[in-house]
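The values are calculated or read from the model by the stated rules, or taken from the named source; none is laboratory data. Please read these numbers as outputs of a predicted model, since none were measured by experiment. Cβ placement follows ideal geometry from the backbone for every residue including glycine, while neighbour counts extend to all protein chains displayed.
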Amino acid sequence: MWEVIAFWVLAVLAVASGIAVFRVDSMARATFLLLASFLFVAGEMLVLELHYLGALTVLMMTAEMAIMAVFMIMFMMNPAGLEPMEMVHNKRGALVISVAVFVALTAAALVVPWPERAAPHPSDATHQLGEAIMRDKMLVMMVVGVGLFATMVAATLLATARGRYGEHAAPSRPEPSPHAHAHHHHAGGDR
Amino acid sequence: MDLISALRRAAFTRPNLLLVVAPGATGPRLAMERFTREHGWSLADTAADADALVEIGELDEPLTAVAEVLWRQLPRPAVRLSLGDEVGVGEALARLPERLRSWRPTDEPSEEWPEPPMADRAPDRDGLRLDVLRVPLGPVLPYWPAGLRLVVDMQGDVVQFAEVELLGVTGRTRPYWTGETRSAARRLDAAARLLGVAGWTAMSTRCQILRDRLLAGGTGTFVATEVDRLARRVRRSPLLGAMLRGLAPLPGLGDAHERLSNWLAEVARASTADEAGPPVAELLNVLPDVVFGAELSVVRLIVASLDLDIAEITEPSHGGISHG
Amino acid sequence: MAEPAPMWTVLVLPIVLGGLALFAASLNGVLTAVASGRRATLAEWAEPLRASARLLVRQRRTTFRADVVLRRVGIAGIVVAALLASVPTPLGGVAVADLPVGVVWFNAMEILLWALVWLTGWGGNSAFSLVGGYRFLAQALAYELPLMFALTAPPLAADSLRVGAIVQAQQDVWFALWMPLAFLVYLIGIVGVAFWGPLSPPAAADVAGGVTAELSGADRLVFLAGRYLMLAAGAAFAVPLFLGGGQGPLLPAWLWSLLKMAAVLAVLVWLRRFSLVRAERLMSWGWLVLLPVVLLQVLVVGVVVLLRG
Amino acid sequence: MGWYVPVMALAALGLALVGATYAIGLLVTVQRRPLVTPPFLAGGLPREHAVSRFHVRWYVVTLLFLAFDMEMVFMYPWAVVVAEVGVEAVVEMFTFLAVLLAGVVYVWREGGLRWT
C-alpha cells in the first residue's frame, strides 16, 4: 500500500520537475530541476528495493549535473535568466515530438507483456551484479574501460589549446582594456 | 519576553567589526586589532557579518563614499563609529555592545540601488570571447593594504586586466612605519597579513602578538627568539611553500615565499634595513603586469607579499595612477 | 539481513550529530582563543552558542536579484544531507537504518554538497560568493575520486557494503591499522567535503568569506551549522569504517563509538592550524598522488583478501 | 521500502529543524524585514550582475573526472565479490584501473591539470 503511494508520488514529482526544466529561464534552475527529476527516479529505485542502483543514481547524477551546470553557465547566454528570453526554439514542434515520445514509451511500458519473474528475488542484488561483472560480463567491462580511456584522451585533445608545450602554444595576452568602451553598451552583438 | 531580551543582550557581547582604514592610520588600526584580539572580538570578512563599521583615520572623499556604500550594506542592528587616534580606541570600542543593544528599528524606507546590466564580453586567453566581471579588490577586504583598490577584470576566477586606484591619500597623510622599532614591527605586520591571506590564521595572529610586543617596547632578545622560532616553522612548512613558492618573483626581492622568509629573518636578526626594497610607487607600477593571468587567490597572495604601504605616497597627485 | 532500527533512533541522530557539531565549533573557538593569547575559559567553550544567538537576533539579508530559491535549497540542503549521510552510522550497535549498501549511501549523500554548496554560492548574485562556489567544485574534482576509492577499501575487506558487517569484520583488528592510507585519504576527503582547514578556500577570507560572503542572520547560522554537521558526519562515519565501531573494553559500545567519533572530529578540527592549499596544487596532488596511493592501498587490501580467503 | 521510512522521517525532521531555526530567528530578530542590498564588493558597487557566463579553467579535469567516475559503477559491486571470484577479479579490475590511470597520466602530460 505505502509502496504504491510512494511510487506514484515520486513518479509524478519526477515528471513534473522534468517538465519544469523547460519552464524556467535560468540555466542554474534548469540544470538542478533536471537533477531533482533524477533524484526522484533514484527514489523510485529505492522504493523498489534496488538499493545499489538507487544510491548509484544519486551518486552519479549529482556530480554529473553539477558539472553540467558548469558547462551550461559557461556557454549559454544569460545563464541566470535575469533578462527575459525564450529557451526553446520551434516550440510547437518540440512539444509535439516530446509528447509523442512520452506517450509511445509509456504505452510500450504498459502494453508489452513483461515476463513473469522466474527466479526468486535475489537476496543481495549488489552481490549478483558484482558476480555478473566479474564473470560472464567481463568483456563488456573491459570494452568500457578502453572506451573510457579513449574518452579521456579524445576529450583532452579536443579541449586543450596549450598542451604540453605550455605557454608557447597559448594565445598571447589580449590587448589591454579592450572593453573600456564595451562596458557602455551592454547588449552584446549576438544577443 | 525575558528570554528574548537575554538573548539580545548575549548576542552583542562580542561584535564583529568591519574596518575602513585610511592609509597611514596604522596606529589606531593596531590598537584596534589588539583590542579585538584580547577581548575575543572578530574582524568581519564581509559586510554581511559585521555589527559595526569602524572608520579609522581621516577619510577623504572617495573613502567616505566607500564607507557610505558599506554602511548601507550592514544588516541591522549596526553601529558606525570613527576613530581618529589610538588614545580613544579602547574606550570607544568598549561602549559598542551597549550601543548595539540599545539599537531600535526605525522606519527607514527601503534603499534604492541602481540595477547593473548583464556582464559584457571580452577576448579571452583561449581565443574565445567570454563574459567579463569587473571586480574591485579593496579597499575593504581582510588583510588588504589600506587605501588600495585594485580593479580587476575577471573571466571566471582568472584576472585578465588590472588597474590600480589609490584612495585616502591627502596632504596630511604620513607613513607610520618610521624608525628602527617600527620598521621591524612593519615586517611582522606584513607577515601577519600574508599568512592571513594564506589561511594560516594561528601563525598570522602570532605575528600580530609579537608585532604589538615589539611596539610596546618589549625586550628585543625575547621577541627575537620568538620570531626566530616562528621563522623556522614558516620556512619549513611544505604546505605554505607549495602555496607561495614561485609567486611574483621580482629582481632583488625573490618570490613571495622568499620575501616572507626575509621579513621574518630580518626581525630575528634585529637588523632591519631602513630602506627595504623598491618604493611603493614602483611596486604599484608593476602590479598590474604581475597579476595578469593569475587566479584570484594568487592575486591576493601577490598583493599581500608586496607589503604595499600606500601612505608612503605622500603627494595626493598620485591619487589617480592607473596602468594598462 | 538486519531490520531497520526502531523509530526513536531518528530522534537520537540529530541530537548526537548536533552535539558533535557543537563540540567541533567549541573546540574551534577555543583553539582561536588560545592562539590569540586568551585563556580557554568556559565562556570560550560556550562561544558558538553566543554566536548563534547573535546570528538569530540579526537582520537577514538578500542581495539584489539573488536567486533566493536556489540559495535557500543550498543552505537548508546541507543540514539535511549531513543528517541523511549519518543514517547508516551505528552508535554502538544501532544505526537508524543499516542499509544494505550503507557505504554507497554515505557516498551519495556527501556528494550532494557538490550541488548544494555551489547553489549557495551562485544564489547570491555576488562575485565573491560565486568564486567560492566554483572553488568548491574545483576542489571536489580533486578529492572526490580518491575519497570514493578509500570508501571501497573497508567493504572489500568485509565482503559487504553494509556498515554493520564492516564493523563485525574488524573484531580482531581495526581496518585503520592495516589500511592506514585509505583511512588517511578518507579523512582528507572529508575535510574537502566540509571545506574545512587546508581545504577551506571556498569560504576563505581572501574572497571575503566566499560562499558565506552574503549570508547573515538565520541563513548564515543554518549554513555554518550544516558545515559543522557535515564535518561531524564524516568523522562519525570513520568510526565504523576504520576504527572498529563500538568495540572497546569496559565501557558500553555506544560510549566507545561516541568517544572515537569525538576524537576523530577533534583531529579534523585541529587541521585548521595548517595553511590553505591552492586549488591548482590540490588538483595535481589529488590526481597524481592521492589517487595512485589509494589505488595501491585497495590493491593491497585485495591481495590480503585473496590470501585470507 | 521499509528501509527508507526512517530515512524519510529523518529528512522531514531535518527540514523541520531548519524551519524552526528560521522561525526562532523571526521571533527574536530586531528587524524582520530583510535587507536588500547589492553584493559586497570591498566597498564598491557592482558594474554588472555577477551571475554571468563563468569561465572555468578546469573544464578538462571535469571530462577526466566524468570518465573515471564511471569506474565507480563497477567498483562497489566488485568489492563485495573479490573473495568469492578470486585472483582473476583483482587482476581484471586493476588492469582496468591501469588503463584509466594511463589516461590520467596522459592528461597531466598535456597540461590538463593546470589552469592559469
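May I ask you to say which residue of B:Glu111, B:Glu115 is under 17 Å from D:Glu48 (Cβ atoms), assigned to a loop (DSSP other than H, G, I, E, B) and not assigned by TED's automatic domain parsing to the domain that holds B:Ser42?
Matching residue, one of B:Glu111, B:Glu115: B:Glu115.
Test each condition in (1) buried (at least 19 other Cβ atoms within 10 Å of the Cβ); (2) within 11 Å of chain C (Cβ to nearest Cβ); (3) under 21 Å from the mean Cα position of the chain (by Cα) for B:Leu167 and report the one that comes out false.
Here B:Leu167 meets the rest and fails (2).
Please state which one of C:Glu214, C:Glu280 is buried (at least 24 other Cβ atoms within 10 Å of the Cβ) and not β-branched (Val, Ile, Thr).
Going through C:Glu214, C:Glu280 in turn, the sole match is C:Glu214.
Looking at (1) surrounded by 17 or more Cβ atoms within 10 Å (Cβ to Cβ); (2) within 28 Å of B:Glu115 (Cα to Cα), which is the one condition that is false for A:Ala55?
(2)
Could you tell me whether segment C:105-117 includes any residue that is assigned to a helix (DSSP H, G or I) and either over 28 Å from A:Leu50 (Cβ atoms) or hydroxyl-bearing (Ser, Thr, Tyr) (or both)?
Yes, that holds for at least one residue.
Restricting to segment D:15-41, give me the number of residues that are at the interface with chain C (Cβ under 7 Å from one of its Cβ atoms) and in a loop (DSSP other than H, G, I, E, B).
Of the residues in that region, 7 qualify.
For segment C:280-290, which positions are more than 7 Å from every other protein chain (Cβ to nearest Cβ) and either in contact with a Leu (Cβ under 9 Å, 6 or more places away or on another chain) or of a type in the set (D, E, K, R) (or both)?
C:Leu282, C:Gly286, C:Leu290
I want to confirm something. Restricting to segment C:1-45 and keeping residues that are farther than 19 Å from C:Tyr228 by Cα and among the charged types (D, E, K, R), which single residue is modelled with the lowest pLDDT?
Here the residue is C:Glu3.
Considering only residues that are more than 10 Å from chain A (Cβ to nearest Cβ), closer than 24 Å to C:Leu145 by Cβ and outside any helix (DSSP H, G or I), which ones fall in segment C:66-104?
Across segment C:66-104, the qualifying residues are C:Ser86, C:Val87, C:Pro88, C:Thr89.
Are any of the residues in segment B:66-80 away from chain D (no Cβ under 14 Å), assigned to a helix (DSSP H, G or I) and surrounded by fewer than 18 Cβ atoms within 10 Å (Cβ to Cβ)?
no
Would you say B:Gly147 is at positive phi, touching a Pro at 6+ places or on another chain (Cβ under 6 Å) and at pLDDT 80 or above?
So B:Gly147 fits the description; yes.
Just the residues that are on the phi > 0 side of the Ramachandran plot and either β-branched (Val, Ile, Thr) or at pLDDT below 90 (or both), please, taken from segment B:98-144.
B:Gly127, B:Gly138
Scan segment B:26-73 for residues that are touching a residue at least 60 places away in the same chain (Cβ under 8 Å) and of a type in the set (Ser, Thr, Tyr) and report the count.
Number satisfying all stated conditions: 1.
Can you tell me which condition C:Arg65 does not meet? The list is (1) of a type in the set (Lys, Arg); (2) out of contact with any helix residue (DSSP H, G or I) (no Cβ under 8 Å at 6 or more places or on another chain); (3) more than 27 Å from C:Trp122 (Cα to Cα), and all the others hold.
Only one criterion in (1) of a type in the set (Lys, Arg); (2) out of contact with any helix residue (DSSP H, G or I) (no Cβ under 8 Å at 6 or more places or on another chain); (3) more than 27 Å from C:Trp122 (Cα to Cα) is unmet by C:Arg65, namely (3).
Tell me whether segment C:217-238 contains one or more residues that are over 15 Å from the mean Cα position of the chain (by Cα), in a loop (DSSP other than H, G, I, E, B) and buried (at least 24 other Cβ atoms within 10 Å of the Cβ).
no
Take the conditions out of contact with any Gly (no Cβ under 6 Å at 6 or more places or on another chain), within 28 Å of D:Tyr22 (Cα to Cα), facing another protein chain (nearest Cβ under 8 Å) and not polar (S, T, N, Q) and apply them to C:Arg220. Does it pass?
yes
Residues of segment D:86-96 being under 18 Å from C:Ala157 (Cβ atoms) and crowded, with 18+ Cβ neighbours inside 10 Å, which ones?
D:Ala89, D:Val90, D:Met93
Which condition does D:Glu88 not pass, out of (1) facing chain A (nearest Cβ under 7 Å); (2) over 22 Å from the mean Cα position of the chain (by Cα), if it passes all the others?
That leaves (1) as the condition not met.
Looking for whichever is outside the structural domain of A:Ala11 (by TED's automatic domain parsing), at pLDDT below 85 and surrounded by 11 or more Cβ atoms within 10 Å (Cβ to Cβ) here; the options are A:Met138, A:Met87, A:Met77. Which one fits?
A:Met138
Could you tell me whether A:Glu175 is among the acidic types (Asp, Glu), modelled with pLDDT under 80 and surrounded by 10 or more Cβ atoms within 10 Å (Cβ to Cβ)?
Yes: the conditions hold for A:Glu175.
Any chance you could count how many residues in segment A:120-144 are under 20 Å from D:Gly86 (Cβ atoms), of a type in the set (Gly, Ala, Ser) and either within 7 Å of another protein chain (Cβ to nearest Cβ) or not in a helix (DSSP H, G or I) (or both)?
1
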